[in-house]
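Colleague: To start, I am sharing the structure in question, which I have written as structure tokens.
The values are calculated or read from the model by the stated rules, or taken from the named source; none is laboratory data. Computed from a predicted model, the values in this text were never measured in an experiment. Here the Cβ positions follow ideal geometry from the backbone for every residue, glycine too, while neighbour counts run over all protein chains shown. What goes into the accessible areas is simple: the full protein's heavy atoms, side chains included, and nothing from ligands, DNA or RNA. Shrake-Rupley method; radii C 1.70, N 1.55, O 1.52, S 1.80 Å.
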Amino acid sequence: LREPARARASAQYYRTFQLRELPRLPYRYRGARLRTPTRILFGTGDRVQQAGLLEGIERRGEDLAYELFPGVGHFIADERPDLVLDRALSFFSAP
């Protein structure tokens, strides 16, 4: 996001998602379950979304789990790339 064009594109992408897609999500996927193994890495220092949103999410997938990271914010891959890499390597190398 250090490059102005990328920062602008990211802001526009988020704005579109927040205004057009996010309000429809609860209706679009009601009752749906993820069949693909899924891991969510979530920073508890996120000022945009609260960790409480994840409560009970495990029920929404066959192999769905999340992990909370204190002191990490919304852009976890930028703030802790080492952590994201570690979890990705573990996840994708698992049998």
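Colleague: Could you tell me whether region 55-94 comes out rounded, prolate or oblate from its Cα gyration tensor? Rule is a ≥ b ≥ c as square roots of the eigenvalues, rounded for a/c under 1.5, then prolate if a/b exceeds b/c, otherwise oblate.
Modeller: oblate
Colleague: Considering the alpha-carbon set of the chain alone, what are its Rg and its Dmax in angstrom?
Modeller: Every Cα atom of the chain included, Rg and Dmax give 15.2, 41 Å.
Colleague: Suppose a student asked you for the relative contact order of the chain, using Cα pairs under 8 Å spaced at least 6 residues apart; what percent would you report?
Modeller: Result for the chain is 25 percent.
Colleague: Could you work out [θ]222 nm for the chain from helices alone, using -39500 (n - 2.57) per DSSP H run of at least four and dividing by all its residues? Round to the nearest 500 deg cm²/dmol.
Modeller: Mean residue ellipticity, 222 nm, calculated: -10000 deg cm²/dmol.
Colleague: What number, in percent, do you get for the relative contact order of region 17-70 if the mean sequence gap of Cα pairs under 8 Å and at least 6 apart is divided by its residue count?
Modeller: With pairs under 8 Å counted, the relative contact order is 42 percent.
Colleague: Which percent of the accessible heavy-atom area of region 1-52 goes to carbon and sulfur, probe 1.4 angstrom?
Modeller: C and S atoms contribute 52 percent here.
Colleague: While we're here: How large is the charge dipole for the chain, taken about the Cα centre, if only the Cβ atoms of Lys, Arg (+1) and Asp, Glu (-1) carry charge, to the nearest 20 debye?
Modeller: Once rounded to the nearest 20, the dipole reads 600 debye.
Colleague: Just to confirm, what accessible area per residue do you get for the chain at 1.4 Å probe, in whole Å²?
Modeller: 82
Colleague: Once the dipole of the chain is set up with Lys and Arg at +1 and Asp and Glu at -1 on Cβ about the Cα centre, which of Gly73, Gln18, Thr44 lies farthest towards its positive end?
Modeller: Comparing the listed Cα positions along the dipole, Gln18 ranks first.
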